[in-house]
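Down below is the structure, laid out as structure tokens.
The values are calculated or read from the model by the stated rules, or taken from the named source; none is laboratory data. Note that the coordinates shown come from a computational prediction; the quantities given were computed from them, not determined experimentally. Using ideal geometry, Cβ is built from the backbone for each residue, glycine included, and neighbour counts are taken over all protein chains shown.
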Amino acid sequence: MIRAFILIAVICELGIVPASAGPTVSQVGQVLVSFQDPRIRLQIDSTFRPLPPLLFTLMSTVVDRRIYVKADSHKDVTGLIVIQFESVKPGSTFKFVYRPRPPAKFGDDTYRFGAYIYDDAKEASAAPTMESARTREFLVRQGYRLPRLFRTARLARVTDEKGQSEVIIFYNENADADYAGGVLPNTDADGDLVLDAKDAAALFNRLKSAIHSSVGS
């Protein structure tokens with residue numbers, strides 16, 4: 001048992017986190033590689049600082065979040081990249097089932113794409129055990145101050161035929177300065193302000209400038 005704990009500690013220190021289902025991930029500086037489901041290699045722009053992995057479980061899944069943060073000299077967050085690997089817990093009947101619609105090509109794969117502005121602080125407060133709340137708490141522990149609103153480009157895809165894993169890529173920009181009092185106009189049923197086609201395309205281009213994708217080796 002002691003040897004097992006030592007092995008886990010060494011693996012986590014190296015940034016390689018194994019799971020019974022889902023990816024095995026290596027994170028070295030700006031390079032992030034997943035060796036299976038998905039098999040992908042990402043190069044993150046050097047203006048974003050890599051942080052330690054954020055690992056947690058939800059009701060039916062295991063989540064591995066890799067976070068890269070851009071901040072000013074006061075540690076106020078101006079941008080955030082989150083790569084989320086999520087896999088179904090062994091024995092669960094849950095499956096990831098969705099189509100890449102609307103589709104967006106990124107690297108060698110097609111993802112479901114969305115671009116919107118949302119109230120991350122409100123979402124975290126409403127669901128304290130979910131991703132937004134856990135990520136905000138994690139970043140605060142690292143000494144960062146986060147905005148209320150994020151302008152977000154989101155890519156997501158199911159990464160295996162049985163629906164046991166998915167990858168989600170978030171590119172976030174601080175949007176607080178654009179909306180006085182943190183009030184978003186004309187939001188949808190989820191409380192998001194969906195970007196029009198021109199703004200969505202511009203945000204997607206900024207994502208592709210900050211994150212470069214190729215098939216992992």
Filter result for PRO100 (surrounded by 13 or more Cβ atoms within 10 Å (Cβ to Cβ), of a type outside the set (Val, Ile, Thr) and either in contact with a helix residue (DSSP H, G or I) (Cβ under 9 Å, 6 or more places away or on another chain) or at pLDDT below 95 (or both))
no
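For (1) under 30 Å from GLU161 (Cβ atoms); (2) touching a Phe, Trp or Tyr at 6+ places or on another chain (Cβ under 9 Å); (3) surrounded by 13 or more Cβ atoms within 10 Å (Cβ to Cβ); (4) of a type in the set (S, T, N, Q), each residue gets a yes or a no:
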site	(1), (2), (3), (4)
PRO50	no, yes, yes, no
PRO53	yes, no, yes, no
LEU58	yes, no, yes, no
ARG66	yes, yes, yes, no
VAL69	no, yes, yes, no
SER73	no, no, no, yes
VAL77	no, yes, yes, no
VAL82	yes, yes, yes, no
VAL88	yes, yes, yes, no
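Quick grid of which residues meet (1) within 19 Å of the chain's Cα centre (by Cα); (2) part of a strand (DSSP E or B):
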position	(1), (2)
GLU173	yes, yes
ALA177	no, no
ASP188	no, no
LYS198	no, no
ALA202	no, no
SER209	yes, no
Part of a helix (DSSP H, G or I), surrounded by fewer than 17 Cβ atoms within 10 Å (Cβ to Cβ) and in contact with a strand residue (DSSP E or B) (Cβ under 9 Å, 6 or more places away or on another chain) - does that describe any residue in region 160-168?
no
Would you check if there is a residue in region 136-153 being within 19 Å of ASP190 (Cβ to Cβ), touching a residue at least 24 places away in the same chain (Cβ under 8 Å), of a type in the set (Gly, Ala, Ser) and assigned to a strand (DSSP E or B)?
yes
